[in-house]
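Below you'll find the structure, written out as structure tokens, and then a few comments.
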Amino acid sequence: MLPGDRKPKLAVWKFASCSGCQLALLNCEDELLAVAGHVEIAYFREASRAVVKGRYDLSLVEGSITTPHDLELIQRVRRRSKYLVTIGACATAGGIQALRNFKDVQEFVSIVYATPQYIETLDKSTPVADHVPVDFELRGCPINKEQLLEVISAFLHGRKPNVPPYSVCMECKRRGIVCVMVAHGTPCLGPVTQAGCGAICPAYHRGCYGCFGPMETPNTDSLSKWWSHLGVKEQDVVRAFRTFNAWAEAFREESVAHEK
Amino acid sequence: MKSRTIKVDYLARVEGEGALYVKIRNSRVTDVKFKIWEPPRLFEALLRGRNYSEAPDITARICGICPIAYQMSAAQAMESAFGVTVDGQLRTLRRLIYCGEWIESHALHVYLLHAPDFLGYEDAIQMAKDHPEIVQRGLQLKKVGNELMAFLGGREIHPINLRVGGFYRVPTKRELVPFIDKLKWGRDAALEAVRWTATLPFPDFEQDYEFVALRHPDEYAITEGRLVSNKGLDIAVREYDDHFIEEHVPYTNALHSVLKERGVYLVGPLARYNVNFDKLSPLAQQAARDAGLGPVCRNPFKSIIVRSVEILYAYDEALRIVDGYEMPEKPAVEVQPHAATAYGCTEAPRGILYHRYRVDDQGVILDAKLVAPTSQNQKSVESDLWQFVPKYMDLPPDELTWRCEQAIRNYDPCISCSAHFLKLHIERE
């Protein structure tokens, strides 16, 4: 795909996050050395001291934008990247740290730090796409490593990634799992949550907690009504939509609608 | 007057964003700062108003490398507050998934993050070109740890199967059987890891640390015990705040944790090894002795051997657990919340992880305090550098910088955890 024999350059960037999504790359134990054979890992601080300067063919960006420094850095990353792909709920939706967006951030800072004036932070934790054009968003808290390999492979070959936007229910049915909501009355966010995890929560007898964020066209209002039939209190509906993808539009609006 | 600065703005091969700054004036170290510039995510604030049952999954998001540690410290804090005991096979299963996390986290650090320093490679991928079989062994050791976490927890990063009271689903005995051969392979490979790490070149550097770790009468402590040190500390977890304080210093987003009476202390594999050597399995003790380690090890660079000993121990222990496993009748113990203060502490791969919550009569969290291992080790990292740099002052600047980075990586710092928590500058005058 590239002129001559030049290997495409891959960069991995971190903003506010737990490092779990970039760890997904290091967790590809069987594929890591093969990937390193096909791409030049040009910038990946968690894995290497070496830094290759210049432009990158593909930048993977983990984490949300929460500081003035990061606001500036993301612009530089965009300018130096042919393709920019955000990975994980922090980068695509603001992450769990976006819970501050519903509150006063200064109050939050003073709860954690004795000397709040030492801390530089923005009012809101926001997804990368709020600040720069993003070529693809890979969802999940954490991302699924097979989907990550698919996305890397797709961008390096100039094709569209095969990452389905449908709900967890599709994966759940395909695995032949008995519906936890219908059969056991367990509240589940599966119907409004994007697939990708492999429906692991229902497989472990637990309701989906929405870590892949909203699916393509979620009917959150209807699901909330079903939850209330199951006896879930309003404040628990708010909590359920307000976790790792709390600032994703569909989840945000649903949580606000149930907040008094 | 001759002055210079050692600066590393963005430390590599650590988890998260940190920096180092060392100032040297007239061949004397005049300042050392281990900075954490990882953006604060304000977990202690965002936990307020959440249900007690949400604490394990929310706090897991502090760290993608040690989520089990967060889930376990949180779950056990709540259980002890509500007077619930999770014992028998449920307790054993928790120990098993925790062994998986130790294996995965330690193998990542030993082979991919730390070993390249000893052999002069920028990273493990470069190292793999000359030592493919060694890097492969590390990756496969790590993989089995991840598989154990994924099987018991649903996935290896942010597992979904742990809850206050136990699990959502527990495995049948038959489901665990396929792990026996993998764990046996891992135990042999970990023995090789101990032998191999013992052959690495180590600087002659020792410090008189205060080692703090959980200690348990019957086992190498992972999930519970008393907080014990080699200098006389012996307290229950709930007494933590009486003995430890956190200080906010201007140059770092991580609070510095100190012992009220004696100041700096060290947590993690080296601390556990020194406090609990007698509780290691006979196989792990023998491997440590064969590698030239006694029951006391004060050379932080040798933490790479100690981590390998703990990988070996975790494989050995996992095999013991799988052998004796019987499926519990229920996946979890019932929990009824009431107003209480909850205290929890477990041995994360990098050391003790303390949680404290105050909850109301409905089980809603009123406030939370989380103290990660790396914030406890920050002062120890700095204290090592104060002693280490003068001994190696004559090295060329690039090499000295690299050795300083290596000294920091001895701690396997996890910066996402500690921001409320790295960058390196060495300045010479």
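With +1 on the Cβ of every Lys and Arg and -1 on the Cβ of every Asp and Glu, and nothing else charged, how large is the dipole of segment A:9-156 about its Cα centre, in debye rounded to the nearest 20?
In total the dipole reaches around 480 debye.
Sequence neighbours fewer than 8 away in the same chain don't count; with that in mind, list the lysines whose C-alpha is under 18 Å from A:K9.
Cross-link targets: A:K53, A:K82.
Work out from phi, with θ = phi - 60° and the Karplus expression 6.51 cos²θ - 1.76 cosθ + 1.60, the ³J(HN,Hα) of each residue of segment B:215-226, listed in order in whole Hz, and give x for Gly and Pro.
These are the phi-based 3J(HN,Hα) values: 10, 10, x, 10, 7, 5, 4, 10, 9, 7, x, 8 Hz.
Tell me, what ³J(HN,Hα) does each residue in segment B:63-77 have, in order and in whole Hz, if you take phi through Karplus 6.51 cos²θ - 1.76 cosθ + 1.60 with θ = phi - 60° and put x for Gly and Pro?
Values, residue by residue: 9, x, 8, 10, x, 4, 4, 5, 4, 6, 4, 5, 4, 5, 4 Hz.
How about segment B:198-278: which chymotrypsin sites (Phe, Trp or Tyr not before Pro) there are in a DSSP loop, with at most 16 other Cβ atoms within 10 Å of their Cβ?
Here the chymotrypsin sites (Phe, Trp or Tyr not before Pro) that fit, given the DSSP loop and packing criteria, are B:Y251.
Can you give me the Cα centroid spacing of segment B:1-47 and segment B:126-163 in angstrom?
30
Amide H neighbours of B:R298 under 5 Å, counting only residues 5+ apart in sequence or on other chains, H built in-plane at 1.01 Å?
For B:R298, no residues qualify.
Taking the Cα centre of the protein assembly as shown as the origin and placing charges on Cβ (Lys, Arg +1; Asp, Glu -1), which of A:V85, B:V296, B:L283 is farthest toward the positive end of the dipole?
In the protein assembly as shown, that residue is A:V85.
Count the lysine pairs in segment B:290-404 whose Cα atoms lie under 23 Å apart, taking only pairs 8 or more positions apart in sequence or on different chains.
Lysine pairs satisfying the spacing and distance rule in segment B:290-404 number 4.
May I ask for the net charge around A:G190, where only other residues with Cβ less than 13 Å from the Cβ of A:G190 are counted and Lys, Arg are +1 while Asp, Glu are -1?
+3
Can you list the residues, at least 5 places off or on another chain, whose amide H is less than 5 Å from the amide H of B:A342, using H built in the peptide plane?
It is B:Y357, B:R358, B:V359, by chain and number.
Treating the beta-carbon of each Lys and Arg as +1 and of each Asp and Glu as -1, no other charges, what is the dipole magnitude of segment B:3-428 about its Cα centre, to the nearest 20 debye?
Details: 52 positive and 58 negative charges, 76 e Å.
Dipole size: approximately 360 debye.
Give the residue from A:F102, A:S59, A:P133 lying farthest towards the positive end of the charge dipole for chain A; charges sit on Cβ (+1 for Lys and Arg, -1 for Asp and Glu) and the dipole is referred to the Cα centre.
About the Cα centre, the residue reaching furthest to the positive side is A:S59.
Show the residues, 5+ positions off or on another chain, whose built amide H is closer than 5 Å to the amide H of A:Y83.
A:L58, A:S59
Students often check this: by mean Cβ neighbours within 10 Å, which of B:80-93, A:20-33 ranks highest, and how do the rest follow?
For the peptides B:80-93, A:20-33, the packing ranking is A:20-33, B:80-93.
I want to check the label-to-label distance for A:D135 and B:R169. Put each point 7 Å from Cα in the C-beta direction and report it in nm to one decimal.
If labels sit at A:D135 and B:R169, their model points lie 3.7 nm apart.
Taking a ≥ b ≥ c as the square roots of the eigenvalues of the Cα gyration tensor of chain A, is the shape rounded (a/c under 1.5), prolate (a/b larger than b/c) or oblate? Numbers along the way, then the final one.
On the way: a/c = 2.34, a/b = 1.32, b/c = 1.78.
It comes out oblate by the Cα gyration axes.
Counting other C-beta atoms within 10 Å, and keeping those with at most 15, which DSSP coil trypsin sites (Lys or Arg not before Pro) do you find in segment B:228-293? Before the final figure, lay out each step's value.
On the way: sites: B:K231, B:R238, B:K260, B:R262, B:R272, B:K279, B:R289; in loops: B:K231, B:K260, B:R262.
Answer in residue order: B:K231, B:K260, B:R262.
Calculated from DSSP H runs of 4 or more alone, at -39500 (n - 2.57) each and per residue, what is the 222 nm mean residue ellipticity of the protein assembly as shown, nearest 500?
On the way: 28 runs with 275 residues, N = 689.
Here the helix-only value at 222 nm equals -11500 deg cm²/dmol.
Order by neighbour count: B:F202, B:F34, A:F44, fewest other Cβ atoms within 10 Å first, most last.
By the 10 Å Cβ count, ascending: B:F202, A:F44, B:F34.
I'd like to know which of B:Y168, B:A348, B:G18 lies farthest towards the positive end of the charge dipole of segment B:3-428, counting +1 on Cβ of Lys and Arg and -1 on Cβ of Asp and Glu.
B:G18
Show me the GluC sites (Glu not before Pro) within segment A:198-260 that DSSP assigns to loop and that have at most 14 other Cβ atoms within 10 Å of their Cβ.
Answer in residue order: A:E216, A:E259.
Taking the Cα centre of chain A as the origin, how large is its charge dipole in debye, to the nearest 20, when only Lys and Arg (+1) and Asp and Glu (-1) carry charge on their Cβ atoms?
Values: 30 positive and 28 negative charges, 90 e Å.
Around 440 debye, computed over chain A.
Report the convex hull volume per residue for chain B, counting only C-alpha atoms, in Å³.
Working: hull volume 53.2 nm³, N = 429.
Taking the convex hull of the Cα positions in chain B, it is 124 Å³ per residue.
Could you calculate the FRET efficiency of B:L395 with B:E133 from 1/(1 + (r/R0)^6), where r is the beta carbon distance between them and R0 is 30 Å, rounded to 0.05?
Computed FRET efficiency for B:L395 and B:E133: 0.45.
Label-point separation (nm) for B:D360 and A:N219, each offset 7 Å from Cα along Cα-to-Cβ?
Each label point is offset 7 Å from its Cα along the Cβ direction, giving 3.6 nm.
Between their Cα atoms, which of A:K233/B:K143; B:K2/B:K33; A:K14/A:K225 are more than 30 Å away from each other? Could the numbers behind the result be given before it?
Values: A:K233/B:K143 41 Å; B:K2/B:K33 20 Å; A:K14/A:K225 38 Å.
From A:K233/B:K143; B:K2/B:K33; A:K14/A:K225, over 30 Å: A:K233/B:K143; A:K14/A:K225.
Can you give the log10 of the normalised intensity I(q)/I(0) at q = 0.14 Å⁻¹, computed with Debye over equal Cα scatterers of segment B:134-244?
-0.96
Each residue of segment A:26-34 in order: what ³J(HN,Hα) in whole Hz does its phi give by Karplus 6.51 cos²θ - 1.76 cosθ + 1.60, θ = phi - 60°, with x for Gly and Pro?
6, 7, 7, 4, 7, 10, 4, 5, 5
Once the Cα atoms of helix A:220-229 and of chain A are each reduced to a long axis, what angle between those two axes, in degrees from 0 to 90 to the nearest 10, is obtained?
Here the helix axis deviates by roughly 40 degrees.
Throughout, read-outs are computed from the coordinates displayed, never taken from laboratory work. Keep in mind that what you see is a predicted model, and the values were worked out from it rather than measured. We place every Cβ from the backbone using ideal geometry, glycine too, and count neighbours over all the protein chains shown.
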